[in-house]
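Down below is the structure, laid out as C-alpha cells.
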Amino acid sequence: MFKHELGALILRVTLGVLFFIHGLDKFQGGIENIVGWFEAIGLPGFLAYGVALLEMVGGVALIIGLATKLISALFGLLMIGATLKVKLSVGLLGNGQMAGYELDLAFLAIAVYLVINGSKMFSVNQLIFNKDNSISKTS
C-alpha cells in the first residue's frame, strides 16, 4: 500500500505543478493573446480565462491534495478537448511547427490514474476526512 500511495503522490504533485505552470504562463504571456487564439480556432474567447484558472487553481489543489479526483477528472476532460480540437491534426509527435499530442496523452493517463485511485498521502483531503493518517507498509 505504501508504494502505491507514494507513486500516486508523485503523480499528483507532478501533474499539479505542470498544470499550475501552464496556467501561470497563460497569464504571464498575456491572457488576451490566449483569448484571441481560442477565438481563432473557433472556441469562445472567455474559455481561455476558465482554462487558465482551472490550470492554476486546480494545479495548487492537486499539489496540496484537495479534491484530487474531481480536479483530475477536469484535467482529463481538458486534455481530451485539447487533443481533439487542437493537437490531433498535427499528429502524435507534431509537425515541426507545433508540438503533438504525446504530452497531452501522458497528462491524460496521469489524470485518469488519479481519478481511479486518488492520492491520500500528504493530502488536505486526508487531514479533513480521515483522522487516521497512518499508511500500512505491509501491502
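State the number of residues belonging to segment 91-117 that are within 17 Å of residue 38 (Cβ to Cβ) and surrounded by 14 or more Cβ atoms within 10 Å (Cβ to Cβ).
1
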Is it the case that segment 58-65 has a residue that's surrounded by fewer than 19 Cβ atoms within 10 Å (Cβ to Cβ) and under 21 Å from residue 21 (Cβ atoms)?
-> yes
Of (1) of a type outside the set (Phe, Trp, Tyr); (2) within 21 Å of residue 115 (Cα to Cα); (3) touching a residue at least 12 places away in the same chain (Cβ under 8 Å), residue 41 satisfies every one except (2)
Which residue pairs have Cβ atoms under 8 Å apart, sit 6 or more places apart or on different chains, and have a first residue in segment 124-135 that is in a helix (DSSP H, G or I) and modelled with pLDDT of 90 or more and a second that is of a type in the set (A, V, I, L, M) and surrounded by 11 or more Cβ atoms within 10 Å (Cβ to Cβ)?
-> 124/64; 124/66; 125/66; 125/67
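The values are calculated or read from the model by the stated rules, or taken from the named source; none is laboratory data. Keep in mind that this is a model prediction, so the values were computed, not measured. Please note: Cβ atoms are built from the backbone with ideal geometry, for glycine as well, and neighbour counts cover all protein chains shown.
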